[in-house]
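Shown next, in structure tokens, is the structure this report addresses.
Coordinate-derived values only; no laboratory data. Owing to the predicted nature of the structure, the values given are computational and were not obtained by experimental measurement. Here the Cβ is made from the backbone with ideal geometry for all residues, glycine too, and neighbour counts use every protein chain on show.
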Amino acid sequence: MGELRITGVTVDVVRWPLKMRRRHGVGDIDQSLPGVIVKISTNADICGWGEAAPWSVFTGTAEANASGIHQYMRPILMGADPRKVCALMRQIEKTLVGHTEGKAAVEMALFDIAGKHLNVPVAQLLGGDCRSHVPLSVSIANPDFEEDLQFAKRLVAQGVNIFKLKTGFSTHKEDLRRLGLLRAELPASVDLRVDYNQGLAAWDAIRHLRDVEAFHPTFIEQPVRRDERAAMAAIAKAIDTPIMADESVFSPAEAIDMVRGEIADLVSIKIMKSGGIARAREIAAIAEAAAITAYGGTMFEGGLAIAAGLHMVAATPNIALGAEFYTSTWVLGVEILKTPIRIDNGQTRVPTGAGLGVEVDEGAVREISTAHYE
């Protein structure tokens, strides 16, 4: 057989129906959410799949990322060797600024092909797995808190022990009330975390966070706006609870700024923010060199992106604080994988098959597609 070459790139803009509403300090989602699915075909009948999960208030739009893949990344990919992941992604980065979710989708599809070609999981391509399961963190973000509280109690019975309360979208008094109820009604052993998603005003943040510390959260995530790095540093010095950076760190360069500016004690790493697995692992390496432990964050991702994230976390020791790999199970209303991501006793299982280790139901993709490009 001749050289392995890319023969096709198809892109679908999809509309995910939602099983539950979500509210965050930076914005809300309700009823449905857009996303992007990418399929890369080769002359060896090996196909790679990728997913972009943008959010307009956080990173970008599905429409812009789909256009970026089709108009700018596709010409680079056509006819290329899909195993040359690094070289192709460097060329894409030089060609198109931003569009990190689209870049992540293309990169995971290339890794999927490379893994299938070699008959090994993506984690093996990244150096091998250091964990087969990832502790699951579930966010409490439903504007109907009572509904979410009952949801959390059901999950505790299934072995989930990590919960992250979304705060900053209501009053400070309401945030404290919800924290109190979670502490009162969930087992004392529950690992409780807090995420403001930039929801606090910098001038008033320390006073609010000192109140939150009474509930002994494991960490407090991104209390102020992403560019308010001086405020993040002041908060990290003033507050005993570890402060986690999320929106303040999208790239390896911003990770260096995080270390130099001492703006956080921990960092949330997302392949959608960084533009793929490789850049995300660079952030993890920078953080590890500074003794900053990482957490596996997600956007509102389907099973494809979650599978990619699981392989990354499995092969990256410093991402040790668990991860949010549950949205395809409990938030999105359509499953596009023939075998869903598996959650066992509060942990998400890393797929073990070749490539991403998942199989896509193309009929399910067509059902939620709103635009198709090839």
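Relative to the longest principal axis of the Cα atoms of the chain, helix 100-118 runs at roughly 50 degrees. Relative to the compact-globule estimate of 2.2 N^0.38 Å, the Cα radius of gyration of the stretch 160-318 comes out at 1.02. Out of PRO317, LEU126, ILE263, whose Cα points farthest toward the positive end of the dipole of the stretch 125-349 (charges: +1 Lys, Arg; -1 Asp, Glu; placed on Cβ)? Comparing the listed Cα positions along the dipole, LEU126 ranks first. With a Förster radius of 25 Å applied to the beta-carbon distance between ASP81 and TRP330, the computed FRET efficiency rounds to 0.05.
Within 10 Å of each residue's Cβ, count the other Cβ atoms and sort HIS216, HIS99, HIS372 from fewest upward.
On the way: HIS216 10, HIS99 26, HIS372 14.
Going from sparsest to densest Cβ surroundings: HIS216, HIS372, HIS99.
The angle separating the long axis of helix 252-261 from the principal Cα axis of greatest extent in the chain is about 20 degrees. A straight line joining the Cα centroids of the stretch 120-184 and the stretch 222-299 runs 19 Å. Axis of helix 85-95 versus longest Cα principal axis of the chain: the two differ by about 80°, to the nearest ten degrees.
Scaled against 2.2 N^0.38 Å for its residue count N, the alpha carbon radius of gyration of the stretch 271-374 is 1.14. Once the C-beta distance of HIS172 and GLU3 is scaled by a Förster radius of 56 Å, the resulting FRET efficiency is 0.40 to the nearest 0.05. Dividing the convex hull volume of the alpha-carbon atoms in the chain by its residue count gives 120 Å³ per residue. Taking every DSSP bridge with both residues inside the chain, close to 60 percent are antiparallel.
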